[in-house]
Amino acid sequence: MLIAIPDLLDAGQLAAVRAQMDAGEWVDGNITSGHQSALAKKNMQLPEDSAAAKEAGRIVLSALGSNPLFIAAALPLKIFPPLFNSYGEGHSFGVHVDNAVRIQASTGFRVRSDLSITVFLEDPASYDGGELTVETHFGVQQVKLPAGHAVLYPSSSLHRVQPITRGRRVASFFWLQSMVRDDAARQMLFDLDGSIQRLAAELGHGNAEIIRLTGVYHNLLRRWADA
């Protein structure tokens, strides 16, 4: 499952996040890498405990919490605090799989990484390369979205960031633990929820079959949820 989330950040939120990032102090991106990732990764990052990262992360999390598409697709239980990276010319991130468990060094907070999120924060016309390339059951998919848009994809997938050949790619990236661990089950719930919403728009939420299908959705969620 690879799902684009358009306009996660509005113009004001995007400007506020970029102001924090542009004023921040950048360090080698391998400060948060596992052993495998460190071999493939070349970029810069805001330290996760910096004031800039915390404030920018607060804005991103606030936007996620009010985004119905994100909630429906991710069914989030725990979200790792957003991190922020920058890829300049010659930077890239080779093929890798995200660590199964992410631990915040300063607090010990941990999540099982079911889903990964990238929030694009730079105008895609201002840089060449930098596509997020994800290997899914549907084949290899490349993602390069407008600033403020996000993409959600399984943390278990092989993925990479293509080399930057011009300009600078800036993004937020982080992970979440879903209430539903299994990707296939989560996809079925997402598809079912989408069908219910579309039918309800035509038939009304009080329609008997809509009510019945809504019950099926919640009973499946009850069966599969960890929470």
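The values are calculated or read from the model by the stated rules, or taken from the named source; none is laboratory data. Owing to the predicted nature of the structure, the values given are computational and were not obtained by experimental measurement. As a convention, Cβ positions derive from the backbone with ideal geometry for all residues, glycine included, and neighbour counts pool all protein chains shown. Please note that ligands, DNA and RNA were not included when accessible areas were found on the heavy atoms of the full protein model with its side chains. Shrake-Rupley method; radii C 1.70, N 1.55, O 1.52, S 1.80 Å.
Assorted remarks:
- Summed over the range 5-14, residues that are surrounded by 14 or more Cβ atoms within 10 Å (Cβ to Cβ) and either more than 18 Å from the chain's Cα centre (by Cα) or not in a loop (DSSP other than H, G, I, E, B) (or both) total 3.
- Cross-chain or 6+ apart pairs with Cβ under 7 Å, the range 54-72 first and assigned by the TED database to the domain that holds residue 13, then hydroxyl-bearing (Ser, Thr, Tyr): 60/172
- Some residue of the range 190-204 being modelled with pLDDT under 95 and either polar (S, T, N, Q) or not assigned by the TED database to the domain that holds residue 48 (or both): no
- Inside the range 98-150, residues that are at pLDDT 95 or above, of a type in the set (Asp, Glu) and under 15 Å from the mean Cα position of the chain (by Cα) make up a count of 2.
- Search result, residues across the range 152-193 that are in a strand (DSSP E or B) and either within 18 Å of residue 125 (Cα to Cα) or hydroxyl-bearing (Ser, Thr, Tyr) (or both): 153, 161, 164, 165, 166, 169, 170, 171, 172, 178
- Within the range 22-132, strands (runs of 3 or more DSSP E) holding 1 or more residues that are open to solvent by less than 20 Å² (accessible area, probe 1.4 Å): 83-87, 92-96, 110-112, 115-120
- Of the residues making up the range 196-213, those that are over 17 Å from residue 69 (Cα atoms) and surrounded by 12 or more Cβ atoms within 10 Å (Cβ to Cβ) are 203, 205, 207, 210, 211, 213.
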